Amino acid sequence: MAITAPATSAPAVALEGVGRAYGERVALRAVSFALPPGATVAVFGANGAGKTTLLRILAGLLRPHAGRAAVLGAELPREAWRARGRVGLLAHEPLLYRDLTVRENLRFHARLHGVDPARVQALCDQVGLHARADDPVRTLSRGMTQRAAICRAVLHEPELLLLDEPLANLDPGGALAVAPLIGREAGPARVLISHDAEQGLAEADWVLGLRGGRQALWAPAAQVELADVRGLYA
Amino acid sequence: MTFGRGLRALSIASVVLICGAFALVFFWAPNDADQGFVQKIFYVHVPMGIVALCGFVAGGIYGIRHLRTGDRAHDLRSYVAIHISLVLAVGVLLTGSIWARAAWGQWWVWDEPTLVSFLIVFLLYACYQPLRFSIEDPERQARYASVFAIVAGAFVPLNFMAVRMADSLVHPRVLGTTGGAMPGDMRLTFLVALAGMACLFVTLWKYELASKSASIQLRSLKRRLAGEDDLAPLQRSTAPQQL
Amino acid sequence: MRGTVAALVRKDLRLELRAFESVPAMLMFSVSTFVLFRFGLDRSSLEGDLAAGVLWVTLLLAAVLGMNRLFVAEREQGGFDGFLMAPVDRTALFVSKALVLLGFLLVVELAAVPAFVLLLLQPGAGQALPELLAVLALADVGIAVVGTLIGALGVQTRARDLIIPLMALPLLVPVAIAAAEATAPLFAAGGAEAFPARWLVVLALYDGVFGLLAYAVFDFLLEE
């Protein structure tokens, strides 16, 4: 069930004219939107449109070069430390040490975030990793690795989830198993990058479209047609 | 951002001081009792050394300022200071070698702690540009270069101390001057030479800063006028290319 | 901070025990280098200056191997990102990596120094153990501090395995000087001679200066 946020609380994400460049190449330009707490925004755009850059800025890993960005009420980069530990990132790489087991990886992250290690076992069971929890990550299939990465991302019960194609490599069983953790019913605000337009639209409250680093679309999901999304990839 | 202020005055001052120093060296300073005329290379070797060391330390100080403020202009200043000091360091090694050969018959003497320290410092700073070149992202390149400049700048005095201590007191200073104290006319010549070298360094530093910042600004203007697609992309480079 | 450092150190030690990348290589390298020196110098026993020099050059080069690998897992498996998003003091990464490198050096020396004594040190030469341990400890701290900083500096570059030794070795020359000068009388032919304690002061000074410096600048290497 979607959480309706009281009007007075700070938006989960608030961007105003945010830009970021790599040397001379501008990856993001003049991106502005505000995401209410508990809501989901689906980010669509072709390769190179700036989606990953946006995600990394929201994660606090990249500093914006222009504009103002605030995540969970903390202004980046000045107050980035206030948001640390409250944001969960699921990136392209699983961010797991390949030579350690799933359990060791998760317990390490639990210690870094000050989370009760017992939660590790509970999460492993929930996503169906209990049989493989003591195997090194490099022995896992991509689907299993993705499940482990999802566990890592939600281990510390973040208030904002940044998901880069979370269902990639997952079989239907896996997708079902992780839904309570990263799906709409999980609770936290979500920024979801997906190439599956239909599925993305179904999941989202808002839609952000990026083309060439620029904001091409920002609207409530209900008002966005599939054709609009497909147009971003043209 | 203008870096070229006072360039004309500085250039004139450099020329005057250096010519003055040469005149003093050849016509006024006395010949050294032990080493004869050859010793006069000291008036080039030592000022070059002192200025190079100050340049390296200045590079470190600008590195600190860059990290504290994020202003890439400081990184540019740091880069140019280290770059010119590196050239001077090579000069120090060459003149030191010539001096050693002329005075003692060997191309290199390990007994001279300053020369040895310079060799080590040179080897360290020779990594500065390869380090910059191997990092693609310009912001990261500037930051990492600043960290290196700070660490290397702090290293210079420590290194001199350690090498000097290692040099046993039994060996006399090969390339020193007569005794330790300099007679008045040598001291004057030395000070003029030092002032000339320092002026030269600052002049060259400002020239290179002005030139680099001009090309950076030119490029940014071109981009704004012509649009991004018309310009060839920046090649990977050791020097800062953006401010 | 202490908890974070402990978690990081435990993770690195576990990784090393699992993959055995650094310590065995450093140890094998040291012993091979001793053999090379035996033939390169055409001497089957060393004492005094020469012994100290061979030992310290070998240990420094072995340390470089450790430096090269120190941050590779973070760089290649996304460890930096995971750490940067955690609500922890970022300097903990520097402290933990320096402790890990120090640990590696101590373990390697535990085997390499006896190997050196067995293989190359002249049988009658003095082996004053407490002084030797003091020199090893202080020098290792300096190597660990500088090595961690340079390892982090170099891991993001392209030719990382080349540029790390090129940067680290000049920076470690004072350590080489002080350690060799301090160790040379300990390996003297007729039994250990007087120990020049001033070199311990130099090492301590080096450790202090670079320790503080590295602590101050390390965070700047982690930002993006």
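Okay, here's what the table says:
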| read-out | value |
| --- | --- |
| Ranking of C:S96, B:S78 by count of other Cβ atoms within 10 Å, fewest first | C:S96, B:S78 |
| Nitroxide proxy distance, nm - points 7 Å out along Cα→Cβ at B:S11 and B:L231 | 2.7 |
| Cα pair count fraction exceeding 19 Å, expressed as % - the range C:1-93 | 55 |
| Residue order, fewest to most surrounding Cβ atoms within 10 angstrom, among A:H109, A:H65 | A:H65, A:H109 |
| Folded to 0 to 90 degrees: helix B:138-166 orientation relative to chain B principal axis, Cα | 10 |
| Karplus-derived 3J(HN,Hα), 6.51/-1.76/1.60, for each residue of the range C:46-62, Hz, glycine and proline x | 10, 8, x, 3, 5, 4, 4, x, 4, 4, 6, 4, 4, 5, 5, 5, 5 |
| Approximate shape of chain A as ellipsoid semi-axes (Cα gyration tensor, √5λ), whole Å, largest first | 29, 20, 18 |
| Check: chain B dipole with +1 on Lys, Arg Cβ and -1 on Asp, Glu Cβ, in debye | 680 |
| Residue among B:G49, B:G91, B:G184 with the largest mean-square fluctuation in a Gaussian network model of chain B, springs linking Cα atoms under 10 Å | B:G184 |
| Highest-fluctuation residue, C:A112, C:A19, C:A204 considered, GNM on chain C with Cα pairs under 10 Å | C:A19 |
| Calculated log₁₀ intensity ratio I(q)/I(0) where the Debye formula runs over C-alpha points of chain B, q = 0.07, 0.08, 0.09, 0.17 Å⁻¹ | -0.29, -0.37, -0.47, -1.26 |
| Candidate aspartates and glutamates - alpha carbon under 13 Å from A:K51, same-chain residues fewer than 8 apart omitted | A:D164, A:E165 |
| Likely footprinting exposure, A:C124, A:C151, fewest C-beta neighbours within 10 Å first | A:C124, A:C151 |
| Relative contact order of chain A, pairs being alpha-carbon contacts under 8 Å that are 6 or more residues apart, as % | 27 |
| P(r) of chain C over all Cα-Cα pairs, binned every 5 Å from zero, in whole percent | 1, 7, 15, 18, 19, 15, 11, 7, 4, 2, 1, 0 |
| 25 °C / 0.890 mPa s Stokes-Einstein diffusion coefficient of the range A:93-157, Kirkwood radius on C-alpha pairs, µm²/s | 219 |
| For the range A:154-205 and the range C:92-140, distance of Cα centres in Å | 52 |
| Under 27 Å from the Cα of B:K222 - lysines, other chains or at least 8 residues apart | B:K206, B:K212 |
| Where N is the number of residues in the range C:103-224, Cα Rg divided by 2.2 N^0.38 Å | 1.21 |
| Reduced Cα scattering model of the range A:110-209, Debye log10 I(q)/I(0), q = 0.18 Å⁻¹ | -0.88 |
| Amide H within-cut-off set for A:L76, under 5 Å, with H built and near neighbours excluded | A:A69, A:A70, A:V71 |
| Over the range C:101-149: Rg over Rh, Cα atoms, Kirkwood Rh | 1.04 |
| GNM flexibility winner over chain A from A:V191, A:V224, A:V154 (Cα, springs under 10 Å) | A:V224 |
| Cα long-axis angle, helix A:102-113 against chain A (0 to 90 degrees, to the nearest 10) | 60 |
| Descending semi-axes in Å of the protein assembly as shown, equivalent ellipsoid built from Cα gyration tensor | 54, 36, 17 |
| Reach of C:K11 by Cα under 13 Å, taken over aspartates and glutamates that are not fewer than 8 positions away in the same chain | A:D99, A:E104, C:E74 |
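Bear in mind these aren't lab numbers, they're just calculated from the coordinates by the rules spelled out. Predicted model, so just to flag it, every value in this text is computed and none were measured. All Cβ positions, even for glycine, are placed from backbone atoms using ideal geometry, and neighbour counts span all protein chains on display.
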